[in-house]
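Contents: one structure, followed by commentary.
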Amino acid sequence: MKVLITGGTGFIGSHLSEYLLEQDHQVFVIDDLSTGKIENILHLKANPNFHYTIDTIMNVPVTAELVDRCDVVFHLAAAVGVKLIVESPVRTIETNIKGTEIILELANKKKKKVVITSTSEVYGKGKNIPFSENEDLVMGPTHLGRWSYACSKAIDEFLSLAYWHEKRLPVIVVRLFNTVGPRQVGRYGMVLPTFVKQALSGKSITVFGDGSQSRCFAHVSDVVWALTRLSEKEEALGKVFNIGSNEEITILELAKKVKSITASKSEIVFVPYDEAYEEGFEDMPRRVPDLSRIQSLIGHQPSKDLEQIVQSVIDYQVSLVRT
Ligand code: UDP
(Lines give C-alpha, C1' and ligand atoms only; values in the text may rest on other atoms or scores of the structure.)
Protein backbone atom coordinates (compact mmCIF):
# COMPACT_ATOMS: atom_id res chain seq x y z
CA MET A 1 0.00 0.00 0.00
CA LYS A 2 1.05 3.61 -0.51
CA VAL A 3 0.81 5.67 2.64
CA LEU A 4 1.16 9.42 3.10
CA ILE A 5 2.25 10.66 6.52
CA THR A 6 1.91 14.38 7.13
CA GLY A 7 4.31 15.42 9.87
CA GLY A 8 6.39 12.35 9.04
CA THR A 9 9.69 13.67 10.39
CA GLY A 10 8.20 14.32 13.80
CA PHE A 11 8.48 12.09 16.82
CA ILE A 12 5.43 9.90 16.16
CA GLY A 13 5.51 10.33 12.36
CA SER A 14 9.05 9.00 12.06
CA HIS A 15 8.21 5.91 14.13
CA LEU A 16 5.10 5.34 12.02
CA SER A 17 7.17 5.67 8.84
CA GLU A 18 9.65 3.13 10.14
CA TYR A 19 6.95 0.66 11.15
CA LEU A 20 5.06 0.90 7.83
CA LEU A 21 8.30 0.39 5.88
CA GLU A 22 8.95 -2.74 7.94
CA GLN A 23 5.49 -3.91 6.84
CA ASP A 24 6.59 -3.44 3.20
CA HIS A 25 4.43 -0.41 2.48
CA GLN A 26 5.54 2.52 0.39
CA VAL A 27 5.82 5.56 2.61
CA PHE A 28 5.53 9.19 1.50
CA VAL A 29 6.27 11.88 4.05
CA ILE A 30 5.57 15.59 3.95
CA ASP A 31 6.93 17.80 6.71
CA ASP A 32 7.96 21.45 6.95
CA LEU A 33 10.48 20.69 9.74
CA SER A 34 8.77 23.21 12.02
CA THR A 35 8.94 20.78 14.92
CA GLY A 36 10.09 17.63 13.08
CA LYS A 37 13.75 16.90 12.43
CA ILE A 38 15.50 15.51 9.38
CA GLU A 39 17.68 13.42 11.75
CA ASN A 40 14.56 11.45 12.66
CA ILE A 41 14.34 10.02 9.14
CA LEU A 42 18.01 9.89 8.11
CA HIS A 43 18.12 6.13 8.67
CA LEU A 44 15.12 5.65 6.33
CA LYS A 45 16.44 7.62 3.37
CA ALA A 46 18.26 4.68 1.79
CA ASN A 47 15.08 2.60 1.68
CA PRO A 48 13.70 2.65 -1.91
CA ASN A 49 10.15 2.56 -0.51
CA PHE A 50 10.68 5.79 1.40
CA HIS A 51 10.00 9.20 -0.18
CA TYR A 52 9.98 12.54 1.54
CA THR A 53 9.06 16.11 0.68
CA ILE A 54 10.17 19.02 2.83
CA ASP A 55 7.29 21.44 2.49
CA THR A 56 4.24 22.62 4.33
CA ILE A 57 0.90 20.88 3.78
CA MET A 58 -0.45 24.40 3.15
CA ASN A 59 1.31 24.18 -0.22
CA VAL A 60 -1.80 22.76 -1.84
CA PRO A 61 -0.47 21.65 -5.28
CA VAL A 62 2.35 19.69 -3.63
CA THR A 63 0.07 18.12 -1.04
CA ALA A 64 -2.57 17.33 -3.68
CA GLU A 65 -0.04 15.40 -5.73
CA LEU A 66 0.98 13.33 -2.70
CA VAL A 67 -2.59 12.63 -1.61
CA ASP A 68 -3.39 11.50 -5.17
CA ARG A 69 -0.47 9.10 -5.18
CA CYS A 70 -1.39 7.38 -1.91
CA ASP A 71 -4.12 5.02 -0.71
CA VAL A 72 -4.28 6.26 2.86
CA VAL A 73 -3.25 9.43 4.67
CA PHE A 74 -2.11 9.59 8.30
CA HIS A 75 -2.53 13.25 9.17
CA LEU A 76 -0.08 13.98 11.97
CA ALA A 77 1.15 17.44 10.98
CA ALA A 78 0.09 19.76 13.79
CA ALA A 79 1.33 22.23 16.35
CA VAL A 80 2.45 20.15 19.33
CA GLY A 81 3.48 20.67 22.93
CA VAL A 82 1.74 22.78 25.54
CA LYS A 83 4.69 25.20 25.75
CA LEU A 84 4.65 25.91 22.01
CA ILE A 85 0.89 26.24 22.06
CA VAL A 86 0.91 28.80 24.85
CA GLU A 87 3.74 30.76 23.21
CA SER A 88 2.44 30.64 19.61
CA PRO A 89 -1.37 30.46 19.68
CA VAL A 90 -1.85 31.91 16.16
CA ARG A 91 0.40 29.29 14.65
CA THR A 92 -1.35 26.57 16.65
CA ILE A 93 -4.85 27.49 15.58
CA GLU A 94 -3.96 28.12 11.93
CA THR A 95 -1.81 25.03 11.48
CA ASN A 96 -4.32 22.74 13.10
CA ILE A 97 -7.47 24.00 11.44
CA LYS A 98 -6.24 25.03 7.96
CA GLY A 99 -3.99 22.00 7.64
CA THR A 100 -6.78 19.56 8.40
CA GLU A 101 -9.20 21.41 6.09
CA ILE A 102 -6.72 21.02 3.24
CA ILE A 103 -6.10 17.33 3.88
CA LEU A 104 -9.80 16.46 4.10
CA GLU A 105 -10.70 18.48 1.01
CA LEU A 106 -7.94 16.87 -1.06
CA ALA A 107 -8.62 13.36 0.22
CA ASN A 108 -12.30 13.79 -0.56
CA LYS A 109 -11.66 14.28 -4.29
CA LYS A 110 -10.82 10.60 -4.70
CA LYS A 111 -12.23 9.37 -1.38
CA LYS A 112 -8.84 8.45 0.08
CA LYS A 113 -8.92 7.09 3.60
CA VAL A 114 -7.70 9.55 6.25
CA VAL A 115 -6.63 8.92 9.82
CA ILE A 116 -6.92 12.19 11.71
CA THR A 117 -4.84 12.45 14.86
CA SER A 118 -6.54 14.42 17.57
CA THR A 119 -5.53 14.62 21.21
CA SER A 120 -6.60 13.79 24.74
CA GLU A 121 -6.45 17.57 25.33
CA VAL A 122 -9.96 17.72 23.88
CA TYR A 123 -11.33 16.20 27.11
CA GLY A 124 -10.17 19.44 28.71
CA LYS A 125 -11.29 19.80 32.30
CA GLY A 126 -13.60 16.78 32.18
CA LYS A 127 -13.79 14.94 35.47
CA ASN A 128 -15.31 11.59 34.51
CA ILE A 129 -12.23 9.37 34.69
CA PRO A 130 -11.51 7.34 32.62
CA PHE A 131 -12.38 9.49 29.60
CA SER A 132 -14.50 7.65 27.08
CA GLU A 133 -14.98 8.83 23.53
CA ASN A 134 -18.61 9.93 23.94
CA GLU A 135 -17.83 12.05 27.00
CA ASP A 136 -18.62 15.79 27.07
CA LEU A 137 -15.64 18.00 26.27
CA VAL A 138 -15.11 20.65 28.95
CA MET A 139 -13.06 23.60 27.73
CA GLY A 140 -11.65 26.56 29.64
CA PRO A 141 -12.00 30.26 28.74
CA THR A 142 -10.72 31.72 25.47
CA HIS A 143 -8.19 34.09 27.10
CA LEU A 144 -6.08 31.10 28.14
CA GLY A 145 -3.96 29.98 25.18
CA ARG A 146 -3.90 26.34 26.20
CA TRP A 147 -7.55 25.81 25.28
CA SER A 148 -7.01 27.03 21.71
CA TYR A 149 -5.21 23.76 21.05
CA ALA A 150 -8.04 21.63 22.41
CA CYS A 151 -10.64 23.67 20.52
CA SER A 152 -8.71 23.60 17.24
CA LYS A 153 -8.42 19.83 17.50
CA ALA A 154 -12.11 19.53 18.39
CA ILE A 155 -12.91 21.49 15.22
CA ASP A 156 -10.70 19.05 13.27
CA GLU A 157 -12.74 16.20 14.72
CA PHE A 158 -16.07 17.86 13.84
CA LEU A 159 -14.90 18.52 10.30
CA SER A 160 -13.61 14.98 9.82
CA LEU A 161 -16.82 13.42 11.07
CA ALA A 162 -18.83 15.85 8.93
CA TYR A 163 -16.91 14.67 5.84
CA TRP A 164 -17.76 11.10 6.81
CA HIS A 165 -21.46 11.74 7.39
CA GLU A 166 -22.10 14.17 4.56
CA LYS A 167 -19.66 13.04 1.87
CA ARG A 168 -18.83 9.46 2.90
CA LEU A 169 -15.14 10.21 3.05
CA PRO A 170 -13.58 7.27 4.95
CA VAL A 171 -12.11 8.89 8.07
CA ILE A 172 -10.95 7.60 11.43
CA VAL A 173 -10.35 10.00 14.32
CA VAL A 174 -7.88 9.06 17.03
CA ARG A 175 -7.26 10.87 20.30
CA LEU A 176 -3.66 10.30 21.30
CA PHE A 177 -2.96 10.36 25.03
CA ASN A 178 0.55 11.10 26.34
CA THR A 179 2.94 9.32 24.01
CA VAL A 180 6.64 9.01 24.76
CA GLY A 181 9.76 7.26 23.53
CA PRO A 182 12.99 7.82 21.61
CA ARG A 183 13.19 10.97 19.44
CA GLN A 184 10.78 12.99 21.53
CA VAL A 185 12.41 16.21 22.65
CA GLY A 186 11.70 18.33 25.68
CA ARG A 187 11.97 21.59 23.74
CA TYR A 188 8.21 21.83 23.32
CA GLY A 189 7.49 21.17 26.97
CA MET A 190 6.96 17.40 27.08
CA VAL A 191 7.61 16.14 30.54
CA LEU A 192 9.45 12.83 30.20
CA PRO A 193 12.29 13.88 27.85
CA THR A 194 12.64 17.03 29.96
CA PHE A 195 13.00 15.08 33.23
CA VAL A 196 15.43 12.59 31.67
CA LYS A 197 17.61 15.38 30.26
CA GLN A 198 17.60 17.20 33.59
CA ALA A 199 18.43 14.01 35.50
CA LEU A 200 21.26 13.01 33.16
CA SER A 201 22.84 16.46 33.26
CA GLY A 202 22.51 16.87 37.04
CA LYS A 203 20.19 19.88 36.67
CA SER A 204 17.11 20.33 38.87
CA ILE A 205 14.12 18.24 37.85
CA THR A 206 11.30 20.76 37.40
CA VAL A 207 7.93 19.52 38.61
CA PHE A 208 5.21 22.02 37.71
CA GLY A 209 2.58 22.73 40.36
CA ASP A 210 2.67 20.34 43.32
CA GLY A 211 3.24 17.25 41.15
CA SER A 212 -0.03 15.61 42.20
CA GLN A 213 -1.39 15.84 38.63
CA SER A 214 -1.26 12.48 36.87
CA ARG A 215 -0.84 11.17 33.35
CA CYS A 216 -0.62 7.80 31.59
CA PHE A 217 2.35 7.33 29.27
CA ALA A 218 2.25 5.03 26.27
CA HIS A 219 5.31 3.96 24.33
CA VAL A 220 5.38 5.26 20.76
CA SER A 221 5.82 1.73 19.35
CA ASP A 222 2.47 0.68 20.88
CA VAL A 223 0.79 3.83 19.59
CA VAL A 224 2.11 3.28 16.06
CA TRP A 225 0.97 -0.33 16.14
CA ALA A 226 -2.53 0.74 17.23
CA LEU A 227 -2.72 3.47 14.57
CA THR A 228 -1.84 0.98 11.86
CA ARG A 229 -4.26 -1.74 13.02
CA LEU A 230 -7.11 0.77 13.31
CA SER A 231 -6.47 2.06 9.80
CA GLU A 232 -7.11 -1.46 8.49
CA LYS A 233 -10.50 -1.85 10.17
CA GLU A 234 -13.63 -1.12 8.18
CA GLU A 235 -15.57 -0.85 11.49
CA ALA A 236 -13.34 2.05 12.58
CA LEU A 237 -14.60 4.38 9.84
CA GLY A 238 -16.49 7.43 11.05
CA LYS A 239 -15.55 6.76 14.68
CA VAL A 240 -13.35 8.29 17.37
CA PHE A 241 -10.84 6.20 19.32
CA ASN A 242 -8.69 6.83 22.37
CA ILE A 243 -5.14 5.54 21.95
CA GLY A 244 -2.74 5.34 24.87
CA SER A 245 -1.93 3.64 28.12
CA ASN A 246 -4.12 3.55 31.23
CA GLU A 247 -1.27 3.04 33.68
CA GLU A 248 -1.50 6.21 35.77
CA ILE A 249 1.36 7.97 37.56
CA THR A 250 1.61 11.37 39.24
CA ILE A 251 4.20 13.76 37.84
CA LEU A 252 6.03 13.82 41.19
CA GLU A 253 6.24 10.00 41.16
CA LEU A 254 7.49 10.19 37.58
CA ALA A 255 10.22 12.64 38.61
CA LYS A 256 11.27 10.27 41.42
CA LYS A 257 11.27 7.30 39.06
CA VAL A 258 13.47 9.09 36.51
CA LYS A 259 15.83 10.21 39.28
CA SER A 260 16.10 6.68 40.67
CA ILE A 261 16.53 4.86 37.32
CA THR A 262 19.23 7.29 36.22
CA ALA A 263 20.81 7.26 39.71
CA SER A 264 20.87 11.05 39.37
CA LYS A 265 21.91 13.49 42.07
CA SER A 266 19.53 16.14 40.64
CA GLU A 267 17.17 17.67 43.14
CA ILE A 268 13.46 17.75 42.44
CA VAL A 269 12.11 21.32 42.52
CA PHE A 270 8.56 22.64 42.28
CA VAL A 271 7.80 25.41 39.78
CA PRO A 272 4.48 27.29 39.99
CA TYR A 273 2.34 26.93 36.86
CA ASP A 274 2.21 30.72 36.33
CA GLU A 275 5.98 30.73 36.04
CA ALA A 276 6.19 27.58 33.91
CA TYR A 277 3.52 28.55 31.36
CA GLU A 278 1.34 31.65 31.62
CA GLU A 279 -0.62 33.44 34.30
CA GLY A 280 -3.75 31.55 35.24
CA PHE A 281 -2.58 28.39 33.45
CA GLU A 282 -4.98 25.52 34.02
CA ASP A 283 -3.61 21.99 34.14
CA MET A 284 -5.59 18.77 34.04
CA PRO A 285 -5.38 17.04 37.40
CA ARG A 286 -5.86 13.58 35.88
CA ARG A 287 -5.96 12.18 32.38
CA VAL A 288 -6.75 8.50 31.90
CA PRO A 289 -8.24 6.97 28.74
CA ASP A 290 -11.05 4.47 28.62
CA LEU A 291 -9.56 1.95 26.18
CA SER A 292 -12.52 -0.40 25.88
CA ARG A 293 -13.54 0.79 22.40
CA ILE A 294 -10.13 0.27 20.83
CA GLN A 295 -9.49 -2.94 22.75
CA SER A 296 -12.71 -4.49 21.52
CA LEU A 297 -11.74 -3.72 17.93
CA ILE A 298 -8.00 -4.44 17.77
CA GLY A 299 -7.21 -6.04 21.15
CA HIS A 300 -4.66 -3.34 21.88
CA GLN A 301 -2.42 -4.16 24.87
CA PRO A 302 0.68 -2.15 25.75
CA SER A 303 3.90 -4.12 25.23
CA LYS A 304 6.04 -2.06 27.64
CA ASP A 305 5.61 -1.05 31.27
CA LEU A 306 6.59 2.35 32.59
CA GLU A 307 10.09 1.27 33.72
CA GLN A 308 10.87 0.04 30.19
CA ILE A 309 9.38 3.18 28.69
CA VAL A 310 11.49 5.47 30.88
CA GLN A 311 14.55 3.33 30.14
CA SER A 312 14.02 3.68 26.37
CA VAL A 313 14.02 7.47 26.69
CA ILE A 314 17.18 7.35 28.82
CA ASP A 315 18.93 5.04 26.31
CA TYR A 316 18.03 7.41 23.48
CA GLN A 317 19.34 10.49 25.24
CA VAL A 318 22.54 8.69 26.25
CA SER A 319 23.05 7.61 22.61
CA LEU A 320 22.69 11.25 21.50
CA VAL A 321 25.45 12.35 23.85
CA ARG A 322 27.74 9.58 22.56
CA THR A 323 27.28 10.42 18.85
N1 UDP B 1 5.42 19.05 33.50
C2 UDP B 1 6.29 19.22 34.56
N3 UDP B 1 7.57 19.62 34.31
C4 UDP B 1 8.04 19.84 33.04
C5 UDP B 1 7.15 19.66 31.95
C6 UDP B 1 5.84 19.26 32.21
O7 UDP B 1 5.91 19.02 35.74
O8 UDP B 1 9.22 20.21 32.89
C9 UDP B 1 4.03 18.60 33.79
C10 UDP B 1 2.93 19.40 33.09
O11 UDP B 1 2.58 20.54 33.82
C12 UDP B 1 1.81 18.37 33.05
C13 UDP B 1 2.55 17.04 32.87
O14 UDP B 1 3.89 17.29 33.30
O15 UDP B 1 1.09 18.34 34.25
C16 UDP B 1 2.56 16.53 31.43
O17 UDP B 1 3.04 17.55 30.60
P18 UDP B 1 3.25 17.39 29.04
O19 UDP B 1 3.51 18.76 28.48
O20 UDP B 1 4.29 16.35 28.78
O21 UDP B 1 1.89 16.82 28.49
P22 UDP B 1 0.35 17.27 28.73
O23 UDP B 1 -0.26 16.10 29.39
O24 UDP B 1 0.31 18.49 29.59
O25 UDP B 1 -0.14 17.51 27.36
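The values are calculated or read from the model by the stated rules, or taken from the named source; none is laboratory data. Because the structure is predicted, anything quoted here is derived from the model rather than measured. Here the Cβ positions follow ideal geometry from the backbone for every residue, glycine too, while neighbour counts run over all protein chains shown.
Things to note:
Condition check ((1) assigned to a helix (DSSP H, G or I); (2) modelled with pLDDT of 95 or more) across all residues:
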| residue | (1), (2) |
| --- | --- |
| Arg187 | yes, no |
| Leu192 | yes, yes |
| Thr206 | no, yes |
| Leu227 | yes, yes |
| Glu235 | yes, yes |
| Phe241 | no, yes |
| Leu254 | yes, yes |
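- For region 286-301, filtered to residues that are part of a loop (DSSP other than H, G, I, E, B) and closer than 20 Å to Ser118 by Cα, the residue that is farthest from the ligand (Cβ to nearest atom) is His300.
- Check on Thr53, among the β-branched types (Val, Ile, Thr), crowded, with 16+ Cβ neighbours inside 10 Å and under 25 Å from Ala150 (Cα atoms): no
- Tabulated pairs, region 101-126, first at positive phi, second of a type outside the set (A, V, I, L, M, F, W, C) and more than 14 Å from the ligand (Cβ to nearest atom), C-beta under 8 angstrom, 6+ apart or interchain: Lys111/Arg168; Lys111/Pro170
- Residue in region 262-269 that is in contact with a Leu (Cβ under 9 Å, 6 or more places away or on another chain), within 15 Å of the ligand (Cβ to nearest atom), assigned to a loop (DSSP other than H, G, I, E, B) and more than 21 Å from Glu135 (Cβ to Cβ) present: yes
- Selection from region 210-238 of residues that are among the small types (Gly, Ala, Ser), surrounded by fewer than 23 Cβ atoms within 10 Å (Cβ to Cβ) and within 16 Å of the ligand (Cβ to nearest atom): Gly211, Ser212, Ser214
- Residue satisfying all of: in region 272-285; exposed (fewer than 14 other Cβ atoms within 10 Å of the Cβ) and in contact with a strand residue (DSSP E or B) (Cβ under 9 Å, 6 or more places away or on another chain); farthest from Lys83 (Cα to Cα) among these: Pro285
- Yes/no for Arg187 being farther than 24 Å from Asn246 by Cβ, in contact with a Pro (Cβ under 9 Å, 6 or more places away or on another chain), surrounded by fewer than 19 Cβ atoms within 10 Å (Cβ to Cβ) and touching a residue at least 24 places away in the same chain (Cβ under 8 Å): yes
- Filtered residues of region 62-96 (kept if surrounded by fewer than 21 Cβ atoms within 10 Å (Cβ to Cβ), more than 16 Å from the ligand (Cβ to nearest atom) and without any contact (Cβ under 8 Å) to a residue 60 or more places away in the chain): Val62, Ala64, Glu65, Asp68, Val90, Arg91, Ile93, Glu94
- In region 195-204, residue nearest to the ligand (Cβ to nearest atom) [restricted to those that are surrounded by fewer than 22 Cβ atoms within 10 Å (Cβ to Cβ) and assigned to a helix (DSSP H, G or I)]: Lys197
- Criterion violated by Leu144 - all others in (1) outside any helix (DSSP H, G or I); (2) aliphatic (A, V, I, L, M); (3) free of Cβ contacts under 8 Å to residues at least 60 places away in the same chain satisfied: (3)
- First in region 259-284 and basic (Lys, Arg), second anywhere and modelled with pLDDT of 95 or more, Cβ under 7 Å, 6 or more apart: Lys259/Ala199; Lys259/Ile205; Lys259/Ser266; Lys259/Ile268; Lys265/Gly202
- Only one of the listed residues (Ser120, Ser132) is crowded, with 23+ Cβ neighbours inside 10 Å, closer than 17 Å to Ala154 by Cα and among the polar types (S, T, N, Q). That residue is Ser120.
- Tallying residues that are away from the ligand (no atom under 16 Å from the Cβ), part of a helix (DSSP H, G or I) and in contact with a Leu (Cβ under 7 Å, 6 or more places away or on another chain) within region 97-126 yields 5.
- Members of region 109-128 found to be over 27 Å from Lys2 (Cα atoms) and in contact with a strand residue (DSSP E or B) (Cβ under 9 Å, 6 or more places away or on another chain), listed by number: Ser120, Glu121, Val122, Tyr123, Gly124, Lys125, Gly126, Lys127
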